[in-house]
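The values are calculated or read from the model by the stated rules, or taken from the named source; none is laboratory data. Given the structure is predicted, the values throughout are model-derived calculations rather than measurements. Every residue, glycine among them, receives a Cβ derived from its backbone with ideal geometry; neighbour counts consider all protein chains shown.
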Amino acid sequence: MNWFAKWVMPAQSSTLAPDIDNLFWFITAVSAFFFVLIASLITIFAIRYRRRSASDVTPHITHNQKLEIVWSVVPLLILIVIFFWGFNGYMRASIAPANAIEIQVRAKKWVWEFEYPDGMRTLNEFHVPLNRPVRLVMNSEDVIHSFFVPSFRIKMDVLPRRYTELWFEATQPGVHQVFCTEYCGKGHSDMLARIHVDDDAAYQKWLVEGDESMKTMPLPELGKITYENAGCATCHSLDGSSGQGPSWNGIFGQTRNFIDGTSARVDENYIRQSIMEPNAKVVKGYEQIMPTFQGLLRDRQVLGVIEYIKQLK
Amino acid sequence: MANVLTAAPRPVQHHAPGENYLNTPKGIRSWLTTVDHKRIGIMYLWSVLAAFFLGGVLALLIRIELLTPKQTIMSAEAYNQVFTLHGAIMVFLFIIPSTPAALGNFVLPLMLGAKDVAFPRLNLCSLYIYWVGTLMAIGSILLGGIDTGWTFYTPYSTSTGGAVSLMTLSVFILGFSSIFTGVNFIATIHKLRAPGMGWFQLPLFVWSMYATAVIQVMATPVLGITVLLLFMERVLKIGIFDPALGGDPVLFQHFFWFYSHPAVYIMIVPGFAIISEIIPVFSKKTIFGYKAIAFSSVAIAVVGFLVWGHHMFVSGQSELAGAIFSFLTFLVAIPSAVKVFNWLATMYRGSISLKTPMLYAISFILLFSIGGLTGIYLGAISVDVHLHDTYFIVAHFHYVMMGGAVIAFLGGLHYWWPKMFGRMYNEKLGAIGCALVFIGFNVTFFTQFLLGTRGMPRRYYNYLDQFQPLHAFSTFGSWILGAGLFLTAAYLLATFRKPMDAPRNPWGGRTLEWETESPPIVHNFDFDPILTHGPYDFRPARTRPNEPVAHRS
């Protein structure tokens, strides 16, 4: 049965998951029992009591109080058990332990931004330590989003101008997928993030040094990864087709016309400015919707993106 | 049968042989100005079927797009508009009016032995309002479309482009059509019952229609006000829901679900209504637990108003509110379970005939049971947190809405088709059509429970590769489902190519609509019906105790 459970649900990777899954399987057992009961009775009745002639006479049974009380009260009792079980699990998931590490989460169309207590910020990826509670304090800059980690069994809406909270304690190292589950427009299904669960030593090292790869990777390759992970790909295509923003294909060296009537050539300075002050120069035909990446990308990532764009032909 | 009713012909209302409500009087004008509940019901029927067709084609397009993880046939913008329209059309233009306004309009006065509904002109007005609302909905598609989802959640809906304002006005107007039908039915049921028809001699269809009408009248104004506030926020920039203007986006969700959860019962209680007619007739046995079924409809209507917050367990509402809504949600499950057990007990020791309407009724019980049982997962808060806004929800509400409400509507359509049009359809094709729909439906939507438990979020245009096999399987199922529905449309329409051949009472029903001709004459009955037996009394006449003597009026 274990393989079946793993096929139905993602691997249990937080301290909250086992209790939730146990309730899930308890409800499944109750449901399966009642469904099989209903389906068998229908089948048996349809065969055993099939119409033999148009003049069949059937017994006139109007009701049976005892039976009716039984089939109202028994399901009610089962449901009350399920209610308390579910409520109990929900309360555990609602109250974060006092010693939890706090990470600020900001959502905006269509990126996730994470900020650590020391001020370090990351985009669409963040690291947490294994077996230690983490509390997320979440807020949206535009519409409602929702933060969902299937393998942790946690989810909470992220609202504009109001904080919501979520906590978890990861029990499995590795990478865990985050989805946005409140519909937020064109890029909704690309508003993904990833949680890296590290053991304590690796986590401390990451806090101080950041990703090792970021320092050694060739610039264009770093640019490509940044393009995919930092949310650029949601709006900017590589094949020349226009999305929410202009395509990056072959733009380096081109002259672009802006909505304020000015124009400029795409060079290193223009790309850097477009990342840091995206609304300073907006290409004609597009809206002023791009968020700034000031403070979110490390300098080497910006250089990487510039080198990456140079290569796109 | 003859001993059921008095048969005093009204001399003034003689009708020529061959005359019925369909052909008397003739001409398109006579249809557009009619106040006959039967004609209005038929015009509603064709309208909602057209909406069903449109919504169904959009559903097939959605499934084709989801065949591959990235773009398949349309852009992300187009996809967002298509799933929004699919939901809005199916809910507001098809399911909500389907059983009450189309089938109910036709059948309810006949069941009561009445000549028409209480307010015939209001009835016609409701149809015109429905048409105006529909035109505005189509207009909003042509004028830029909407991409908010059928739920119009703020502040996305106040900030996105497109024709959201026109669509919200359309929903506002459609609400009145629903309210008018509800008001009409309440008055009709109170005032126009045949002599001898007390509240507990009412067919259960009528009881459920009554419960539905009460919800329509009480809940729909809240939707009207909500979409009007949304409209005012978009057009006049009054801050109600948009936090940028000082509003509260979660307030919108409370308002919206305060209507839209009862609206689930506006859609499914009429389904119960139809099934409670079909099961006893095709089991040739009296309904088990008449009062339990009647009162459970009313209980659902009342408690259904108090569970809206279960749509919002992860919205940021308080833990206490979540707990209360969770508990009430489990309470409202009981009356639905009671109905299923009653239907099963009705089949016990019956004389079961598996004609097409009964096949749909059995499909309904099975699919609705799955829809109801999966609701338990979602009522349990800790499990709901994982499943909320995933494909598990999509599967669950399709089992209730399509597997429940729409399957019951199709059952009712087959049950009353001979009465409405005087024509029998091909039973063999009926059975094949029902089987294709049942299999196709399960392949399409059961798969989506698994997508949901594995974490696939809803309203996703692109998705991770790991979900593709299940998505492809679901799309494959949608083709079987589509084939079943097209086959059904084909053999039903084919009945118009042959002469009228339906007897008055092809299924052996005991309710009053089977006592008049098929199709009925303009004034429904050529005598004043007086009730002398219950709606589900299948005992032979001589064994019925205390048979009242039929008296002439």
Task: Residue count, the stretch A:1-19 (criterion: at the interface with another protein chain (Cβ under 9 Å from one of its Cβ atoms) and farther than 30 Å from residue B:339 by Cβ) - done: 6
Task: Every residue from the stretch A:43-76 that is touching a Phe, Trp or Tyr at 6+ places or on another chain (Cβ under 9 Å) and part of a helix (DSSP H, G or I) - done: A:45, A:67, A:68, A:71, A:72, A:75, A:76
- [ ] Could you list, in sequence order, all residues of the stretch B:449-470 that are surrounded by fewer than 22 Cβ atoms within 10 Å (Cβ to Cβ) and part of a helix (DSSP H, G or I)?
- [x] B:450, B:465, B:466, B:467, B:468, B:469, B:470
Open item on the list: Checking the conditions here, which among B:279, B:300 is in a helix (DSSP H, G or I), under 30 Å from residue B:102 (Cβ atoms) and away from chain A (no Cβ under 12 Å)?
Closed with: B:300
Open item on the list: Whether any residue in the stretch A:23-44 is at the interface with another protein chain (Cβ under 9 Å from one of its Cβ atoms), in contact (Cβ under 8 Å) with a residue 60 or more places away in the chain and of a type in the set (A, V, I, L, M) is what I want to check.
Closed with: yes
Open item on the list: For the stretch A:152-176, which positions are facing another protein chain (nearest Cβ under 7 Å) and out of contact with any helix residue (DSSP H, G or I) (no Cβ under 6 Å at 6 or more places or on another chain)?
Closed with: A:154, A:156, A:157, A:159, A:162, A:164
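Let's see how each residue does on (1) outside any helix (DSSP H, G or I); (2) away from every other protein chain (no Cβ under 14 Å); (3) among the small types (Gly, Ala, Ser):
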| position | (1), (2), (3) |
| --- | --- |
| B:122 | no, yes, no |
| B:132 | no, yes, no |
| B:136 | no, yes, no |
| B:139 | no, yes, yes |
| B:149 | yes, no, yes |
| B:153 | yes, no, no |
| B:162 | yes, no, yes |
| B:184 | no, yes, no |
Open item on the list: Checking the conditions here, which among B:320, B:306 is more than 13 Å from chain A (Cβ to nearest Cβ) and not basic (Lys, Arg)?
Closed with: B:306
Open item on the list: If I ask for residues that are in a loop (DSSP other than H, G, I, E, B) and crowded, with 17+ Cβ neighbours inside 10 Å, which ones from the stretch A:238-265 would you list?
Closed with: A:243, A:244, A:245, A:246, A:248, A:251, A:252
Task: Residue count, the stretch B:374-385 (criterion: facing chain A (nearest Cβ under 9 Å), in contact (Cβ under 8 Å) with a residue 24 or more places away in the chain and in a helix (DSSP H, G or I)) - done: 6
Task: In the stretch A:165-210, residue surrounded by the most Cβ atoms within 10 Å (Cβ to Cβ) [restricted to those that are under 28 Å from residue B:155 (Cα atoms) and of a type in the set (Asp, Glu)] - done: A:182
Open item on the list: Residue pairs, Cβ under 7 Å, 6 or more apart or interchain, first in the stretch B:464-478 and under 15 Å from residue A:10 (Cβ atoms), second assigned to a helix (DSSP H, G or I) and polar (S, T, N, Q). List them.
Closed with: B:470/B:447
TODO: Search the stretch B:311-340 for residues being surrounded by fewer than 22 Cβ atoms within 10 Å (Cβ to Cβ) and touching an Asp or Glu at 6+ places or on another chain (Cβ under 9 Å), and hand back the single one that is farthest from residue A:76 (Cα to Cα).
DONE: B:316
TODO: Spot the failing condition for residue B:314; the list is (1) in a helix (DSSP H, G or I); (2) within 13 Å of chain A (Cβ to nearest Cβ); (3) aliphatic (A, V, I, L, M); (4) over 22 Å from residue B:90 (Cα atoms), and only one is missed.
DONE: (1)
TODO: May I ask you to verify whether residue B:183 is in contact (Cβ under 8 Å) with a residue 40 or more places away in the chain and either in contact with an Asp or Glu (Cβ under 7 Å, 6 or more places away or on another chain) or surrounded by fewer than 22 Cβ atoms within 10 Å (Cβ to Cβ) (or both)?
DONE: yes
Task: Filter result (hydroxyl-bearing (Ser, Thr, Tyr) and either surrounded by fewer than 24 Cβ atoms within 10 Å (Cβ to Cβ) or at the interface with chain B (Cβ under 7 Å from one of its Cβ atoms) (or both)) within the stretch A:136-151 - done: A:146
Open item on the list: Condition first: within 11 Å of another protein chain (Cβ to nearest Cβ) and of a type in the set (Asp, Glu). Can you find one or more residues in the stretch A:189-205 that meet it?
Closed with: yes
Task: Single unsatisfied condition, residue B:207 versus (1) within 14 Å of another protein chain (Cβ to nearest Cβ); (2) crowded, with 24+ Cβ neighbours inside 10 Å; (3) out of contact with any Asp or Glu (no Cβ under 7 Å at 6 or more places or on another chain) - done: (1)
- [ ] Could you tell me which residue of the stretch B:350-373 is nearest to residue A:85 (Cα to Cα), considering only residues that are within 7 Å of chain A (Cβ to nearest Cβ) and part of a helix (DSSP H, G or I)?
- [x] B:373
- [ ] Could you grab the pairs with beta carbons closer than 6 Å, sequence gap of 6+ or different chains, first residue in the stretch B:46-73 and surrounded by fewer than 17 Cβ atoms within 10 Å (Cβ to Cβ), second one of a type in the set (A, V, I, L, M, F, W, C) and not in a helix (DSSP H, G or I)?
- [x] B:64/B:73
Open item on the list: So, residue B:177, is that one within 30 Å of residue A:145 (Cβ to Cβ), among the hydroxyl-bearing types (Ser, Thr, Tyr) and in contact (Cβ under 8 Å) with a residue 24 or more places away in the chain or not?
Closed with: no
TODO: Would you be able to tell me the number of residues in the stretch B:256-292 that are closer than 20 Å to residue B:348 by Cβ, surrounded by 24 or more Cβ atoms within 10 Å (Cβ to Cβ) and not hydroxyl-bearing (Ser, Thr, Tyr)?
DONE: 12
- [ ] May I ask you to list the residues in the stretch B:233-255 that are in contact with a Gly (Cβ under 6 Å, 6 or more places away or on another chain) and either without any contact (Cβ under 8 Å) to a residue 60 or more places away in the chain or surrounded by fewer than 18 Cβ atoms within 10 Å (Cβ to Cβ) (or both)?
- [x] B:239, B:240, B:245, B:246
Task: Qualifying positions in the stretch A:276-308 - under 16 Å from residue A:266 (Cα atoms), part of a loop (DSSP other than H, G, I, E, B) and acidic (Asp, Glu) - done: A:277
TODO: Inspect the stretch B:285-294 for any residue being at pLDDT below 95, away from chain A (no Cβ under 14 Å) and under 11 Å from residue B:207 (Cβ atoms) and give the result as yes or no.
DONE: no
Open item on the list: Checking the condition modelled with pLDDT under 85, at positive phi and of a type outside the set (A, V, I, L, M, F, W, C), which residue from A:285, A:231 passes?
Closed with: A:231
Open item on the list: Quick check on residue B:494: is it among the small types (Gly, Ala, Ser), touching a residue at least 60 places away in the same chain (Cβ under 8 Å), away from chain A (no Cβ under 14 Å) and within 30 Å of residue A:12 (Cα to Cα)?
Closed with: no
TODO: Considering every residue within the stretch B:250-266, establish whether at least one is outside any helix (DSSP H, G or I) and under 23 Å from the mean Cα position of the chain (by Cα).
DONE: no
